[in-house]
Amino acid sequence: MYGDLKEYLTAELQSIEDAGLYKRERIITSSQSAEIEVGGKKVLNFCANNYLGLSDSPRVIGAAKRAMDTHGFGMSSVRFICGTQDIHRELEAAVSKYFGTEDTILYASCFDANGGVFEPLFSDGDAIISDSLNHASIIDGIRLGKAKRYRYANADMDALENCLIEAQAQRFRVIVTDGVFSMDGNVAPMDKICDLAEKYNSTVMVDECHSAGVVGKTGRGVNELFNIHGRVDIHTGTFGKAFGGGAGGFITGHREIIDLLRQRSRPYLFSNSIPPAIAGASIEVFRMLEESDRLHSTLVENIEYFRTMMIDAGFDIRPTQSAICAVMLYDAKLSQDFAAAMLDEGIYVTGFYYPVVPRNQARIRVQLSAAHSRAHLDKCINAFVRCAKRMNVF
Ligand SMILES: *Cc1c(COP(=O)(O)O)cnc(C)c1O
C-alpha cells in the first residue's frame, strides 16, 4: 500500500530539485586528508572538519587497530548493561583532563549528546535560552523537553539579557550556545555570556564541536580563549571533527550533571556504546595533544596566513577567530559557479547560500587544517584569485 506515499515523496523530491536544493554527494576514494581523490581526480580538501589533520594519522590508526586487537570490534550493548570497558572510562577521564572539568559522559555522536542533555536536567518550570544560530541538534534537543524556550539573535547580548529578565519567572535557567558558529566562524562572546549568567542566576552550556581543539592558546576551547574556567557548566563536543574525525560525542562538566545524565539521558541509556576502536583512538588523540601543541599551533599559523593573504588579495572575509573562513560572494549562483570553478582548479570548497545562510549572504566556506602545507595554502589562494578575476568578483 505504498502507492499514495510514493506519489507524495516523488513530488516532494521534485520540488527539492526544482528549488535547486537537492544535495548530491561527491564520492571520495581516498582517506580524508589535505589531498583527497574525488571522481578519480586528486584535489586539495578545504571543506572538511579535519582541523588538526588527524583523520588519517598513522598514530591514531595504530591505536584504533590495537584497541580492536585487545578489546574487540563492538560492544553489542548499552553502557549500563554490559557495554562499558576500561577504555571507555579512560577516554572519559582524558576528556575531563583536557577541558579541566569534573567528569565526562560519552555518546554515539554529539547530535545524540545535544539530544540527550536537556530533558533530564530541565523540565516544566525551567527556561532554555538559545542562540538563534545554534546547531540543529541543539534545537532538536530543546524540542524533546518541556522547558520554556527563549531565543536570542546571534551573539546579541542585549537580546540575551532581555530573555534572561523574562526568564526570571522560571525556576532554573540555562543559556545555550555554539562555541564557534559554523557559517561565519565567529566565536560566541562567552565572557559576556558568563557575566550575564551570573547577573541573572543562570547556568551556561556551550557546544564545542567547532571550537574544541581550535580556539584558545593551546586549543582547549572557549574556557581557554576567554579565561572562563569553571564558569561554563556544560560542554558538549564531538570526536568527529578536530579530535580524529571518526565518530562519537561527549558531555563534560560538573559531576552531578554527568551523574544524572548517566541515570536519565535517553540516547545514552538506549543506544549502543561507542566501539573500542574509537575509544582507543580517541585516547591516543588526547595523549598526542597533551604531549605537544604542534598540530594546534600549525593550524593557527595556517589560519593566520590564509586570512592575511586573502584579505591582501582583496577578498571580503567574515571576521573569524576559528578555522572557518567565510569568503563572501553574496550572490547564490555565483557561489555555486565559483565552487565549481575552484574544483576545476583542483580545490575542493563548498558554496553556501539561502536557506543555509541568510538571503544575499552566499559565500564559499573554507576550513583550514593543520594538515595543509604552505604550498597547499598558496595553491588555494592562487585559485581563489584566478577564479575571482575570471568571474569579475573584483
Ligand atoms: C558537527 C556538529 C554537531 C554534531 O556532531 P556529531 O558528533 O557529528 O553528531 C553538533 N553540534 C555542532 C555545533 C556541530 O558542528
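Of all the stretches in the chain, which is the longest one without any exposed loop site, taking trypsin sites (Lys or Arg not before Pro) in a DSSP loop (any state but H, G, I, E, B) with at most 16 other Cβ atoms within 10 Å?
218-358
When DSSP beta bridges are limited to those with both residues in the stretch 58-291, what percentage is antiparallel, rounded to the nearest 5? Mind dumping the intermediate values first?
On the way: 11 of 28 bridges.
Of the beta bridges lying entirely in the stretch 58-291, close to 40 percent run antiparallel.
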Inset, instruction - Could you tell me the accessible area of E37 in Å² (1.4 Å probe, neighbours in place), rounded to the nearest ten? - result: 60 Å²
Legend entry - Those chymotrypsin sites (Phe, Trp or Tyr not before Pro) in the stretch 23-114 that DSSP places in a loop and that have at most 15 other beta carbons within 10 Å: F73
Inset, instruction - Determine the percent antiparallel among the DSSP beta bridges restricted to the chain, to the nearest 5. - result: 60 percent
Legend entry - Straight-distance crosslink candidates among lysines, where the alpha carbon sits under 16 Å from K389 and sequence neighbours closer than 8 are dropped: K379
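So what's the convex hull volume per residue for the Cα atoms of the stretch 316-394, in Å³?
Working: hull volume 7.2 nm³, N = 79.
Enclosed volume per residue, from the Cα hull, is 92 Å³.
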Legend entry - Fraction of accessible area attributable to carbon and sulfur, the stretch 289-344 (%, probe 1.4 Å): 51 percent
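Can you tell me what percent of all Cα-Cα pairs in the stretch 58-291 are more than 29 Å apart? Don't skip to the end; give the middle numbers.
Numbers: 6662 of 27261 pairs.
Every Cα pair in the stretch 58-291 considered, those over 29 Å come to 24 percent.
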Legend entry - Evaluated at q = 0.22 Å⁻¹: base-10 log I(q)/I(0), Debye formula over Cα of the stretch 216-356: -1.37
Legend entry - Max mean-square fluctuation residue, GNM over the chain, Cα-Cα springs under 10 Å, options A19, A153, A169: A19
Inset, instruction - Restrict the search to the stretch 202-274; then list the chymotrypsin sites (Phe, Trp or Tyr not before Pro) that DSSP places in a loop and that have at most 16 other Cβ atoms within 10 Å of their Cβ. - result: F270
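Probe of 1.4 angstrom, ligands and nucleic acids ignored: what's the accessible area per residue over the stretch 151-274, in square angstrom? Mind dumping the intermediate values first?
Working: 4710 Å² over 124 residues.
Solvent-accessible surface per residue comes out at 38 Å².
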Inset, instruction - Measure of size requested: the Rg and Dmax of the chain, with Cα atoms as the atom set and Å as the unit; please supply both. - result: 21.6, 62
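Can you list which of the chymotrypsin sites (Phe, Trp or Tyr not before Pro) found in the stretch 131-173 are DSSP loop residues with at most 16 other C-beta atoms within 10 Å? Show your work: numbers first, answer last.
Working: sites: Y150, Y152, F172; in loops: F172.
Passing both the DSSP loop test and the Cβ count: F172.
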Legend entry - Prolate/oblate/rounded label for the stretch 47-123 (Cα gyration tensor, a/c 1.5): oblate
Legend entry - 222 nm mean residue ellipticity, helices alone, for the chain (DSSP H n ≥ 4; -39,500 (n - 2.57); rounded to 500): -13500 deg cm²/dmol
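The values are calculated or read from the model by the stated rules, or taken from the named source; none is laboratory data. Worth saying up front: this structure is predicted, and the values here are computed from it rather than measured. When we count neighbours, we look across all protein chains shown, and the Cβ atoms used for this are built from the backbone with ideal geometry, even at glycine. Heavy atoms of the whole protein, side chains included, go into the accessibility calculation; ligands, DNA and RNA do not. Shrake-Rupley method; radii C 1.70, N 1.55, O 1.52, S 1.80 Å.
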